[in-house]
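Below is one structure; the comments refer to it alone.
The values are calculated or read from the model by the stated rules, or taken from the named source; none is laboratory data. Note that the coordinates shown come from a computational prediction; the quantities given were computed from them, not determined experimentally. Don't worry about glycine lacking a Cβ; one is built from the backbone with ideal geometry, like all the others, and counts go over all protein chains shown. Note: accessible area is taken over every heavy atom of the protein model, side chains too, but ligands, DNA and RNA are not part of it. Shrake-Rupley method; radii C 1.70, N 1.55, O 1.52, S 1.80 Å.
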Amino acid sequence: MMGSFTPQDSEAGFQALFENATIGILVVNANGLIHQVNPFIERKFGYSAHELIGKPVEILVPEAYKKNHARHIHRYFESPKSRPMGQGVDLFGVTKSGGEFPLEISLAHYKNGNESLSVAFVTDISERRRAQDELKSNETKYRDLFDGLTESIHIFELLKDGSGNVTDARFVLVNQATADLFGMKREQLEGKLRSEVLGSMDADSRRMAELALQTGKRITYERYYPAINRWLAGSFYSPDRKQIVAFVHDITPVKQAEDALKSLNEGLELKVAERTLELKQSLFREKELNALKSGFVSLASHEFRTPLTTIQTSMSLIEAYSGDDNKEKRLKHIAKVKSVVKNMVDMLNDFLSLDKLEQGKAVFTSEQFSVTTLCEEVKEEMSTMLKVGQQLEGDLHEAGIINSDRKILRNILLNLLSNAIKYSPESKPIRFSMEPKDKHIVITVCDQGIGIPAKEQKHLFSNFFRASNVGGVEGTGLGLNIVKKYVEMLGGEIGFQSDIGKGSMFEISIPLARDI
């Protein structure tokens, strides 16, 4: 038979909660003296309980805030009620060693006999602050990259009437090159109607915009805009069937040159023809560049915008889940933020690596190291990224010391293994093997993933290439292009075999020492 619940049981339960709480609990009397602290407060501030009890609570307050703190305590006890402390103000605690950390405090009030006491619930928000700072840093990197492009890139949304017909468009996001093209500041242009900048949309413009929105296909164009007296050419498409992404460049000088050529007399016909050919070749090269840049535009509008939205939502939920009973939900969203930010940083690193390689700034640094040890380190590191049921299998034979660039080889292995994990289903093993062969090190990464369509394999090492069957798997389309360039820097070769639905096998051969 269950026994009755006594006041002693209740007191023991509350004492257990007080002792084991994962937030700080601090009891202060009306004179601002510390009455009681729980173990969390002791650990977080570095004091023992007997060092704190009976001391002014200002011992835990940074020097800059001590002056007014006693007045705030007095004001609270004049009208005590449960509420957050310091709304709109950044709060900090100071440890016994003098270190400061950000925190949140919620206040409650109760009486012990005739004594009025305040309870402060203290939460360390250092991790949240670090995540916020990291988010701001990555937003700045993305914006700098976006604004650093010399080509005009902008995103706009279509406006429709009650019958669903396109009537106008509104600029949503523009880079600095776009603002310069239209002679306006970015903040003035974003939110502005297209008709206010380029004039009303004619029937052809509305038709092409509607086609892009419905099909997602890239539409190319070239036309004159009287409102700005410029010829513009480029392409646009709708990656999400909601907004339009446009890549534009000013071809007015080209058009003016063409008009000038037409006015030349018959005696200059040969020179006119030669010049026209040069201009057409220049335009062809620009269109090829547009195709490459379109890959980046897609990333800018989707691979960055979508993760940023996810981060914003998760941060809002983290703030909402402030109670101790929501710790699991809070940790889940913090993990999601870290994962999304890591993906964005990886994408930015891909762009930076490609830029260094294409500009010849990547430097080969020769050093002696054990390739077997390196492979084992990479295998251990990548094991934390495996999906449920996945395993890294294969033999890493002893290969001795090689003379090469350890950092570059490590980046190659991380990229290949990351792809194998990413494009393989759960519970499918991934083979990672290494063995010496004919003064070379041969490393193989083999998966049982989605494979690469045969007709697309010729583009595998091209910039921004992503196979048509990758679905929603995130990626920049730059990884294998970077890997190939890195392998060539090491004096090696890379090959692959792949069957759709059966998986892919990549093999790299690296010399024991690169020829200089």
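Backbone amide hydrogens, once placed in the peptide plane, bring Gln36 within less than 5 Å of Val27, excluding anything fewer than 5 places away on its chain.
Within the shell defined by Cβ-Cβ distances under 10 Å, the residues around Ala399 carry a net charge of -1, with Lys and Arg each +1 and Asp and Glu each -1.
Ranked highest first by average number of other Cβ atoms within 10 Å, how do 58-64, 477-483 line up? Working shown, then result.
On the way: 58-64: 15.4, 477-483: 22.0.
The most tightly packed comes first, giving 477-483, 58-64.
For the range 451-514 and the range 368-418, what is the separation of their Cα centres, given in Å? Answer, in whole Å: 17.
For the peptides 427-436, 442-451, 154-163, what is the packing order when you average, over each peptide's residues, the other Cβ atoms within 10 Å and list the highest mean first?
Values: 427-436: 17.8, 442-451: 21.2, 154-163: 14.9.
Packing order, densest peptide first, comes out as 442-451, 427-436, 154-163.
Here the spin labels are modelled as points 7 Å beyond Cα on the Cα-Cβ line, and at Ser48 and Val89 they lie 3.3 nm apart.
For the set Asp180, Asp250, solvent exposure ranked by accessible area (probe 1.4 Å, protein chains only) runs largest to smallest as Asp180, Asp250.
Available extension along the chain between Leu279 and Ala30 is 81.3 nm, counting 0.36 nm per residue and deducting the alpha carbon span. Checking the cross-link pairs Lys44/Lys332; Lys217/Lys262; Lys66/Lys327; Lys136/Lys422 against a 25 Å limit on the alpha carbon distance flags Lys217/Lys262; Lys66/Lys327; Lys136/Lys422 as lying beyond it.
Local charge for Arg275 was computed over the other residues whose Cβ lies under 13 Å away, with Lys and Arg +1 and Asp and Glu -1, and equals -2. Extension gain for Glu210-Asp395 works out to 61.0 nm (0.36 nm per residue, less the C-alpha to C-alpha distance). For the range 210-224, the residues whose amide N sits under 13 Å from a probe point set 7 Å from the Cα of Asp259 along the beta carbon direction are 224.
All alpha carbon pair distances within the range 94-220 were sorted into 10 Å bins beginning at 0; the resulting P(r) in whole percents reads 10, 23, 20, 13, 12, 11, 8, 2, 0.
Simple spin-label estimate for Leu512 and Glu426 gives 4.5 nm between the two label positions (7 Å along the Cα-to-Cβ direction from each Cα). The string of couplings for the range 101-108 from the Karplus curve (6.51, -1.76, 1.60, θ = phi - 60°) is 8, x, 8, 10, 10, 10, 10, 9 Hz, one whole number per residue in order, with x for Gly and Pro. Exposure check, 1.4 Å probe, all protein chains in place: Arg410 carries approximately 80 Å² of accessible surface. In this rough spin-label picture, where each label sits 7 Å from Cα along the Cβ direction, the Ile59-Ser116 distance is 2.4 nm.
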